[in-house]
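Presented below is the structure to which this report refers.
A short reminder: the numbers here are calculations on the coordinates, not readings from a lab. Remember, predicted model here, so these are calculated numbers, not experimental data. Every residue, glycine among them, receives a Cβ derived from its backbone with ideal geometry; neighbour counts consider all protein chains shown.
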Amino acid sequence: MTPRVRSFILAITTALALACVLIGCSSGQTASSNSAPSQAKLAIVHTNDTHGYDQANDEHLGFAAVAQLKADYEAEGYDVLLFDAGDAIQGNLLVDDSKGEVTPGFMNACGYDAMALGNHEFDYGADVLEERIAKMDFPVLCANITVEATGESFVQPNAIFDLSDGTKVGVFGLDTPESMTKTDPTRVAGLIMAQNDDLYACAQAQIDELKSKDCDLIICLGHLGETGSSAPNRASDVIANTEGIDLFINGHDHAVQNELLKDKAGNDVLTVETGSYLANIGVVTYENGTFEEKLVAVGEYDGSNAELAKQIDDVAADIEGRMSKKIGTTSFELDGENPGVRSNETNLGDFVADAAKWEARMALGDEPDACIINGGGVRKSVAAGDVTLGDLHNVFPYSNQVCTIEVKGAELLEALEAACQGSPEPMGSFPQVSGITFELDTSVPYEQGEQYPDSTYYKPANPGSRITITDVNGKGFDPDEKYLIATTDFIAHGGDTYYCFAEAGHASFRSTGYLVYQALQYYLEDECGGTVPDAYAQSQNRSTVK
């Protein structure tokens, strides 16, 4: 019996097939519920940070496997809940091609019961997000984002699911406050995102509300992350400052997590996360009052819902036909791998920054002094050989436009210092540059100043203590000089750590109207003659990290 009135009926495999799946799963921590044990036999299938990697291949299980795994557990007599912890509609050409329009259909066919908002759900803007949510047959949950004008929740904060034995499961969603800057700030304008103590109070209020409605189990779908995410807004921070969560399904940092964390009252809270890109599917079973996580990894499960697989394959084939157009060639790999591109200069970072700087000049007529691209925007390497339009889109899949702003040298220094505040640890803000040379001394601690408004980041107390700019456009560096900077609208509007650009460059902002991947295409075709120049075989010593 499914826990919802709505259900998508999928093909049922045998008990033997399911047993094979469970043998292949890796068991981890177990935790008893903080509530009285019930007679429930519950399987919670969960995903996070799928980012459009919905088609099955050697590296990704795909949504057809998710659908079938849910059906397998239903066939074994489990109540099954299928949840996603956010970042589902953006990140791979399969979904980016339609700005996530295909995602609701895929997830509906899987039979999802709820998902949390992720920061990348906002990448196409709040209006587009609302259109996508309207087509989902399940609630999208987030309790800590409200509409500034009305004070109302942006989306539904929580939902309750009834199991076959009468157990009530209360679920609420949380999204990382980093959404204020991890997407273009103009795309979340008018929304308030609770953080720090307000985030904890919000979570506790949800727990208390669900308990007042006689929920036996409380689950948080939290797109908060842990490793690499900003304290004090991580999953562990919320758990340590609240009481009553039984299970925390995490997302955001693309990590594999399976650990017991202590809540404010000392209770164990099983906290789980699958990594990213459907390389794994998580299954938390709840029997005899105890939770246990099992991870189904790619290569360990070959179940697939044939109807959904065909639906996804058809969409992928149509896109492949259009994106397989050859743009040029490269005799060497262009390196866009994470964490490297978020920690150091790479040859692909150089190429992207040069292309954006060139596009700004071609489209707007003025020669920029320099260009800054955030390393986190560079998502994939380009292999040696033919370079297709799809390859270039995958390098920079975001719908960010190339633009220019004018800033003073002191503001440029502040921006670079803030962008490298976490170095040598990888940060999405790490600057890949053109027309600038700078040195970063990581032996000097980053000293925080005041917090930037509407951000989880802090401005540098002493700009220049870690960063030394040695040259801008061949003219040395002057903190009082005005510089024309090519960048993306994401950075110009204060995304990531670049809040000072939003203030300093607002009046001078000019957009080219071209997306970054289009700039890559035209730069390769028109400026480079279809062949990536040998100068890009290695990075060009524009930044030095010590």
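A few points about this structure:
- Look at the alpha carbon pairs under 8 Å that are at least 6 residues apart: their mean separation over the length of the chain gives a relative contact order of 16 percent.
- Shape call, the stretch 24-318: gyration tensor on alpha carbons, a/c limit 1.5: oblate
- Close Lys-Lys pairs in the stretch 24-318, where close means Cα under 21 Å and separation is 8 or more or interchain: 16
- Per-selection Kirkwood Rh - the chain (Cα, Å, 1 d.p.): 24.1
- The mean sequence separation of alpha-carbon pairs under 8 Å and at least six residues apart, normalised by the residue count of the stretch 64-182, gives a relative contact order of 22 percent.
- Put in order of Cβ neighbour count within 10 Å, fewest first, the listed residues T146, T167, T544 become T544, T146, T167.
- Once the convex hull of all Cα atoms in the stretch 265-372 is built, its volume per residue stands at 265 Å³.
- Cβ crowding within 10 Å, taken as a proxy for footprinting-reagent exposure, orders Y514, Y457 from fewest neighbours to most as Y514, Y457.
- Charge dipole of the chain about the Cα centre (unit charges at C-beta), most positive-ward option of I245, I192, A492: I245
- Residues listed by number, the stretch 460-474, amide nitrogen under 14 Å from K546 label point at 7 Å toward C-beta: 465-470
- MRE, 222 nm, helices only [DSSP H, n ≥ 4, -39500 (n - 2.57), over the chain, to nearest 500]: -7500 deg cm²/dmol
- If the chain linking S443 and D198 were pulled fully straight, counting 0.36 nm for each residue of separation and taking away their Cα-Cα distance, it would gain 84.8 nm.
- For the chain, the antiparallel share of DSSP beta bridges with both residues in that region comes to about 65%.
- The stretch 98-226: C-alpha gyration tensor shape, a/c 1.5 cut-off, then a/b vs b/c: oblate
- Footprinting exposure proxy ranking of L389, L524, L308, fewest other C-beta atoms within 10 angstrom first, gives L389, L524, L308.
- Binned Cα-Cα distances of the stretch 424-546, short to long, each 10 Å bin given as a whole percent: 10, 33, 40, 15, 2
- Restricting attention to the stretch 325-545, lysine pairs at least eight places apart or on different chains and with alpha-carbon atoms under 29 angstrom apart total 14.
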